[in-house]
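Working notes, beginning with the structure itself.
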Amino acid sequence: MANDNFKFSLRSIVEKNKLNGTNFLDWERNLRIILRSEGPEDALATPIPIVTETSSDEKKANTIRLKNEALPITCLKLAAMELELQKRFLNFDAYTIISELKTLFQDQTRIERYETHKAILNSKLVKGKHVSPHVISLTGLFKRVGNLGTPYDQELATDIVLRSLHDGFTPFKMQYHMNGLKYDLNELHNLLKNVEVNMIDDKRKEVLNVNNGKGFKKVAKKRNNNQGKDKQVVIPNGGGKLRVASDHDVFSAKPRDTRKETVPST
């Protein structure tokens, strides 16, 4: 009973948000989520063979089986469409419906595919952010673009993930390429999490060493040979003679008062 309620709850998503010509991509995504929970998602990718009077009994039996398996999916899709689209696809099976819809709304697919490719290529792990959510986000984008008809192969997807990492992962990337390593996205994800943990541990050790006084070099102070000796500055004396004075004399000397001086007449 609980399972039936769960199915009903999921199905209500597409039934409340019916296909209307502008929301095909969201509608298809919700439909696939429902079919994945119930098992028969393959019905969207399995064409029903055409049989004739001369077809073998085995082929006829297989066609009937596929039609029966696809019937609930076909009905679900039709129920989740606006009336005009419903009329148009009333006599189609599930595979033919989804194929025709993709052709009908290919402009929407092309735009979203472009935006998804753009998001993948612009993705960059920022220093201070954890690597795991970053890789999960990229993996989701790879799956999305695959559903739109242009999947990335594993090697290319791996290269894109490595390219998106900040320079803290440079030693790892160099070792990865030099050793000719090849991992799928899940394996690479786990590997990068371990690398990140080691990076954090190394950083902590560095901080501890600094706090403990390690890592600093003591700089010996050079003693100025003239230290303790006053600099000697030559300044004019009032009588026109020169005398030698110390820094103290220079900076503590009172300024001359020129107000009482008279300009000699010519």
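Structural remarks
- Where Pro47 falls short, out of the listed (1) touching a helix residue (DSSP H, G or I) at 6+ places or on another chain (Cβ under 6 Å); (2) in a loop (DSSP other than H, G, I, E, B); (3) free of Cβ contacts under 8 Å to residues at least 24 places away in the same chain: (3)
Yes or no, residue by residue, for (1) under 30 Å from Glu112 (Cβ atoms); (2) touching a helix residue (DSSP H, G or I) at 6+ places or on another chain (Cβ under 6 Å):
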| site | (1), (2) |
| --- | --- |
| Ala157 | yes, yes |
| Gly180 | no, no |
| His189 | yes, yes |
| Val195 | no, yes |
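- In this structure, Arg36 qualifies as surrounded by fewer than 12 Cβ atoms within 10 Å (Cβ to Cβ) and under 37 Å from the mean Cα position of the chain (by Cα).
- When the residues of region 167-226 are filtered to those that are part of a loop (DSSP other than H, G, I, E, B) and of a type in the set (S, T, N, Q), the one that is modelled with the highest pLDDT is Asn179.
- Residue check for Lys173: surrounded by 11 or more Cβ atoms within 10 Å (Cβ to Cβ), basic (Lys, Arg), farther than 30 Å from Leu44 by Cα and in contact (Cβ under 8 Å) with a residue 40 or more places away in the chain: no
- Test: residue in region 80-94 that is in contact with an Asp or Glu (Cβ under 7 Å, 6 or more places away or on another chain) and not assigned by TED's automatic domain parsing to the domain that holds Asn20: no
- Matching residues in region 75-102 - criterion: being under 16 Å from Arg29 (Cα atoms) and either hydroxyl-bearing (Ser, Thr, Tyr) or crowded, with 17+ Cβ neighbours inside 10 Å (or both): Leu76, Lys77, Leu78, Ala80, Met81, Ala94, Tyr95, Ile97, Ile98, Ser99, Leu101
- Residue check: Lys59 meets all listed conditions (1) free of Cβ contacts under 8 Å to residues at least 60 places away in the same chain; (2) within 26 Å of Glu115 (Cα to Cα) but one, namely (2).
- Test: His117 is closer than 24 Å to Gly21 by Cα, of a type outside the set (S, T, N, Q) and within 14 Å of the chain's Cα centre (by Cα): yes
- Positions within region 120-136 being without any contact (Cβ under 8 Å) to a residue 60 or more places away in the chain and either outside any helix (DSSP H, G or I) or surrounded by 15 or more Cβ atoms within 10 Å (Cβ to Cβ) (or both), in sequence order: Ile120, Ser123, Lys124, Leu125, Val126, Lys127, Gly128, Lys129, His134, Val135
The values are calculated or read from the model by the stated rules, or taken from the named source; none is laboratory data. Predicted model, so just to flag it, every value in this text is computed and none were measured. So basically every Cβ, Gly included, is an ideal-geometry build from the backbone, and we count neighbours across all protein chains shown.
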